[in-house]
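The values are calculated or read from the model by the stated rules, or taken from the named source; none is laboratory data. Computed from a predicted model, the values in this text were never measured in an experiment. Using ideal geometry, Cβ is built from the backbone for each residue, glycine included, and neighbour counts are taken over all protein chains shown. SASA here: full protein model, heavy atoms, side chains in, ligands and nucleic acids out. Shrake-Rupley method; radii C 1.70, N 1.55, O 1.52, S 1.80 Å.
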Amino acid sequence: MSVWYLVWGVLALVVLSLAGFGAWVFSLPPTPTAIEAPLIAEDETDAMLASLRPPKRTRPLIAIVGINDATETTDYIMPAGILRRADIAEVVMLATGPGLVRLYPALTVEADATIADFDARHPDGADYVVVPAMSRDDDPTVITWLQRQASKGAIIIGICAGAKVVGAAGLLDGRRATTHWYYLKQMLHRSPSARYVADRRMVADRGVVTTTGITASLPMMLTLIEAIAGRQKAEAVAQDLGLPVWDARHASGAFKLIRPFAITVLANMFAFWNREQIGVELRPGMDEVSLALMADAWSRTYRSNAVTFATSSGVVETRNAIRIIPDEITPDWQTGTHLTVFPKLKPADTLDKTLLAISGRYGDRTADIVAMQLEYPSNPLTA
C-alpha cells in the first residue's frame, strides 16, 4: 500500500509542476510590445564614429578573443571575416589556451594565437578587442586580460552576451550599455551601475562598446570600418555583405520572451524523435560569414544541428583565412539534408534564405524563434 501512496504522490507532484509551468507559459505576453525602430540622430552617429577612431595605430590591431571550449559561433567568426575583407586592420583571432576553439552552437576553428602569444608579440596591447559571448562569463584568463587591455588604451567591444564578460571585468560600471535581450537582466545584475540603453543595436561609452544580439555584429563591424577607414570603404564592404543600410537603429520591444517563443521551443525540444543533423559542406575559399550564419541558424531550431563535413582530412581555409576543422570526413553527406554555402549568395541573403528553408522544413514559428535568438530584425513572432 505504501508503494502506491508513493507513486500517486509523485504523479501529483508532476501534475502540479506541469500545471505551474503551464501557468508560467501562459502568463507570458502573446506579442512584442513594439516593432518600430526609432531613427538615430546624425549627431549621435557622429559621436559613435568619433568614439571608435583608432586609439593607437594608423593601421589598427584588432584582437578577437575566445575561450577554447565554448565561444559563440557568429560572434567569433563574423567580426574576423568582415574586418579581414575590408583589409583596414590587422585582425588576430585569439584563444585562452593552445588547441582548437570549439564554438557553439556549431563549428570548430583554429585560433591564430593564444592570449599569451599575443601579449609577447604586442606588449603595448591592441587597438580594439572584440569580446564574443562565451559559455562562462568569468573565465579568469579572459577577465584579467580584458582589464589589462583596457588599461593599455584598447577599445573594448562586447558582442551580444559578450557584454556580460565585459561586465564581469568591471568595464561596464557606470557606463551605458546594451546586450542580447535574453541576457539583459543577467548583465544588469552583474553590473548594477550600468545604464541600459533601449532601441540601440550598439552603445558606446568611454572606450567600451556593447551590442544587442548575435546579428548585431554585422552593423557593428561596418560602423567600426567606417570609423577606421571612412564611409566609402564601409559602403563597399556593406555591399559585399548584402546590407544596404546599417546603423544603430533597433526595436528593443520586438525582442523579448513571449508565449509563442516559449511554446515553440518547448514543443521542438520535446519532439526529440524528430531531431536531425544538417550536413554543411566545407570548401576552401568559402565565405566564412555566410557559413557562420547558416550553421548558427540551423543549430538554433531545437529540431536540428549543423554538422560540418569535408571530402578530405585537415583544415579548410575560408575566403579570409579562417581555419575550420570539419566534424566529419566523408565524400558525401548521406544521413539527411546536405547544404552548401553558395559562393554567389551574399551573407545577408544567405541568412534570409536559411530562415526561409527552416520555415519550409519546420514551420514559420521555428523560423521565428531562430530569428528571435539571433535578434535579427525581421518579422517578430505573433500570437
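Counting heavy atoms of the protein chains alone, residue 51 has an accessible area of about 50 Å² for a 1.4 Å probe. Applying 1/(1 + (r/R0)^6) with R0 = 41 Å to the Cβ-Cβ distance of residue 23 and residue 108, what FRET efficiency is obtained, to the nearest 0.05? That gives a FRET efficiency of 0.50.
On a per residue basis, segment 257-337 carries 42 Å² of accessible surface, using protein heavy atoms and a 1.4 Å probe.
Taking θ as phi - 60° and the Karplus parameters 6.51, -1.76 and 1.60, the scalar couplings of segment 82-94 work out to 5, 5, 5, 5, 6, 6, 10, 7, 8, 10, 10, 8, 10 Hz in sequence order, x denoting glycine and proline.
In deg cm²/dmol, rounded to 500, what helix-only [θ] at 222 nm does the chain give when every DSSP H run of at least 4 residues adds -39500 (n - 2.57) and the total is split over its residues?
Working: 13 runs with 156 residues, N = 383.
After summing the helix terms and dividing by residue count, I get -12500 deg cm²/dmol.
The label-point distance for residue 340 and residue 35, in a model that sets each label 7 Å from Cα toward Cβ, rounds to 3.7 nm.
Take every DSSP beta bridge with both residues inside the chain and express the antiparallel ones as a percent of the total, to the nearest 5.
Details: 13 of 46 bridges.
In the chain, approximately 30 percent of DSSP beta bridges are antiparallel ones.
Highest GNM mean-square fluctuation among 219, 140, 32, for the chain modelled with Cα contacts below 10 Å: 140.
Put the Cα centre of segment 73-89 next to the Cα centre of segment 126-158 and the gap is 17 Å.
Could you tell me what percent of the DSSP beta bridges with both partners in segment 276-361 are antiparallel, to the nearest 5?
On the way: 2 of 13 bridges.
Expressed as a percentage, antiparallel bridges in segment 276-361 total about 15.
Accessible area, 1.4 Å probe, largest first: how do 92, 315 sort? Write down the numbers at each step before the final one.
Working: 92 20, 315 70 Å².
If we order 92, 315 from most to least accessible, we get 315, 92.
Straight Cα distances below 17 angstrom link residue 164 to the aspartates and glutamates 72, 75, 137, 138, 139, 173, 205, 375, with same-chain residues fewer than 8 positions distant left out. Over the chain, what is the relative contact order in whole percent, taking alpha-carbon pairs under 8 Å and six or more residues apart? Computed value for the chain: 19 percent relative contact order.
Within the listed set 292, 168, 271, the residue fluctuating most in the Gaussian network model of the chain (springs between alpha-carbon atoms under 10 angstrom) is 271. Taking Cα centre as origin and charging only the Cβ of basic (Lys, Arg, +1) and acidic (Asp, Glu, -1) residues, the dipole magnitude of the chain rounds to 540 debye. Stretching the chain fully between residue 46 and residue 90 yields a gain of 13.4 nm (0.36 nm per residue, less the alpha carbon separation).
GNM remark for the chain: springs join alpha carbons under 10 Å apart, and the peak mean-square fluctuation among 173, 240, 332 falls on 332. A simple rule links phi to the HN-Hα coupling: the Karplus curve 6.51 cos²θ - 1.76 cosθ + 1.60 with θ = phi - 60°, which for segment 248-264 gives 8, 4, 6, 9, 4, x, 7, 10, 6, 6, 10, 4, x, 4, 4, 5, 5 Hz, with x for Gly and Pro.
The simple spin-label model puts a point 7 Å past each Cα toward its Cβ; for residue 245 and residue 120 those points are separated by 4.9 nm. Other residues within the sphere of radius under 15 Å centred on the Cβ of residue 365, judged by their own Cβ, net out at +2 (K and R +1, D and E -1).
In this simple spin-label model, placing a label point 7 Å from the Cα along the Cα-to-Cβ direction at both residue 193 and residue 176 gives a separation of 1.8 nm. Positive contributions from Lys and Arg (+1) and negative ones from Asp and Glu (-1), summed over other residues with Cβ under 13 Å from the Cβ of residue 176, come out at 0.
For residue 85, what is the net charge nearby, where nearby means another residue's Cβ is under 12 Å from its Cβ and Lys, Arg count +1, Asp, Glu -1? Here the charged neighbours net out to 0.
Could you work out the relative contact order of segment 270-349, using alpha carbon pairs under 8 angstrom and six or more residues apart, expressed as a whole percent?
Values: 138 pairs, mean separation 31.3, N = 80.
Rounded, it is 39 percent for segment 270-349.
Bridging of residue 233 to lysines at a Cα separation below 23 Å is possible for 56, 344, 346, once same-chain residues fewer than 8 apart are set aside.
Enumerate by residue number the trypsin sites (Lys or Arg not before Pro) in segment 294-375 meeting two conditions: DSSP loop (anything except H, G, I, E, B), and at most 12 other Cβ atoms within 10 Å of the site's Cβ. Numbers along the way, then the final one.
Details: sites: 300, 303, 319, 323, 344, 353, 361, 365; in loops: 300, 303, 319, 344.
Passing both the DSSP loop test and the Cβ count: 344.
Across segment 89-217, C-alpha contacts under 8 Å between residues 6 or more apart give a mean separation that, scaled by the residue count, equals a relative contact order of 20 percent. Note on Rg and Dmax of the Cα atoms in Å: of the candidates (1) 21.5, 81; (2) 24.0, 94; (3) 25.8, 93, the value calculated from this structure sits at (1).
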